Every structure is written in structure tokens, then in C-alpha cells.
Amino acid sequence: MKKIGFYSILLIISLLFNWDIYAENIVKQELMQKPGIYVYQVQEEPTTYMDPMVWIQVPLQSEITMNEQVYNTIESLFQWSNTEDLYSCIPQGTSVLSVVIEKDQCILNISQELIQYGGGTYIEKMIVEQLCATVFSFPQIQKVTILIEGMFQILPEGTEIQEIERKQWEENQKEVTQNGAVI
């Protein structure tokens, strides 16, 4: 009888401990599902080829349309001022010309300053990753297309930016994470 009581108490303690961990993970997941911008965090001792992204929540107004929310969020990313340990790869002067949400697709029309980053596949990849992470922070968006001055373009280093699908993008992020980078 004493053993049953002892094991019952252990079970209850274990459940309570695990519930705290479970609840903490739920809160983190809910927080990460809110729209926000993604910037990069400088690593003091780089262990990967790419600095990790960090999420920063952008306050949204519930009275505005989804197009306006995405527009404001992307504009916040473009206005980001680099700090000692957080930075954006988006070239200064880049602006959002328009945002159109059609069903589950977001079409971003961005100024030509986006492609004036000086070249290099590394920076180009980081720019696209930042834009996708920020747009996909809106759970209802499943696909993103980026236009430059209203035109479909391939970025200078060859990156295609039309109809980037969330599912494929998330799978790529898992592969990158498994290979050592945390994005």
C-alpha cells in the first residue's frame, strides 16, 4: 500500500513537472505564430556558415486589413536599424511599393534598392531568407512572390523569387538546421 502511494506521488510530481515544460513550449509556439520580423544575430564564435535569425514581434492593429498588416511588417523590417548584435541584410533605402494578398499567396512589390546589395550568393540567400521568414510569420500565407518594381525578376546571383511555397521553404530550413545552421 505504501508503494502505491509513493509511486502515485512520484507520478503526480512527474506530471506537474512535465506540464510546466509543456505549457512553456505552448506559449513559445503561440508567440512564434504571431507576425513579426526576422533579423540576424551576430555569433561571437561562429559554428555555422550563417548567423541565426531572431524573431522580433511587430505590434499589429486589428482594425487594418491583412494587406496593411503585411505591408507594415515588411516596412518595419526595411526600417530596421542594425545594433551591435542584430542586423538586417536588406539594403538601406529598400521600400515596399505594394502588398497584395490573394487567397493564401502574398505578392510583395519591392523597390529596386533590394537588388543593390553589392552581389554575392551568401547575402542574396540571407535577404530571401529574411523576407520569407517575415512573410511566413503570418500563418495564413502559404506562398510568396517578390516583384522588383512590379516586374518578375531573378535576383542577380540567380535566386528565383516567384511562388516560394511555405512547405518547401520550411523543409529547406529543417535541412539547413540539421546541417548545423540555426535559422
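Brief remarks follow.
- Residue within the range 114-126 that is modelled with pLDDT of 95 or more, closer than 14 Å to residue 88 by Cβ and surrounded by fewer than 21 Cβ atoms within 10 Å (Cβ to Cβ) present: no
- Any hit, the range 94-107, residues being in contact (Cβ under 8 Å) with a residue 40 or more places away in the chain, surrounded by fewer than 20 Cβ atoms within 10 Å (Cβ to Cβ) and in contact with an Asp or Glu (Cβ under 8 Å, 6 or more places away or on another chain): yes
- Cβ-Cβ under 7 Å pairs, at least 6 apart or on other chains, the range 48-70 side within 15 Å of residue 89 (Cα to Cα), far side modelled with pLDDT of 85 or more and outside any helix (DSSP H, G or I): 54/86
- Matching residues, the range 135-150, being in a loop (DSSP other than H, G, I, E, B) and under 22 Å from residue 56 (Cα atoms): 136, 137, 138, 139, 140, 141, 142
- Residues that are polar (S, T, N, Q) and closer than 19 Å to residue 73 by Cα were ranked within the range 139-158; the one that is surrounded by the most Cβ atoms within 10 Å (Cβ to Cβ) is 145.
The values are calculated or read from the model by the stated rules, or taken from the named source; none is laboratory data. Given the structure is predicted, the values throughout are model-derived calculations rather than measurements. Heads up, the Cβs are rebuilt from the backbone with ideal geometry, glycines too, and the neighbour counts pull from every protein chain shown.
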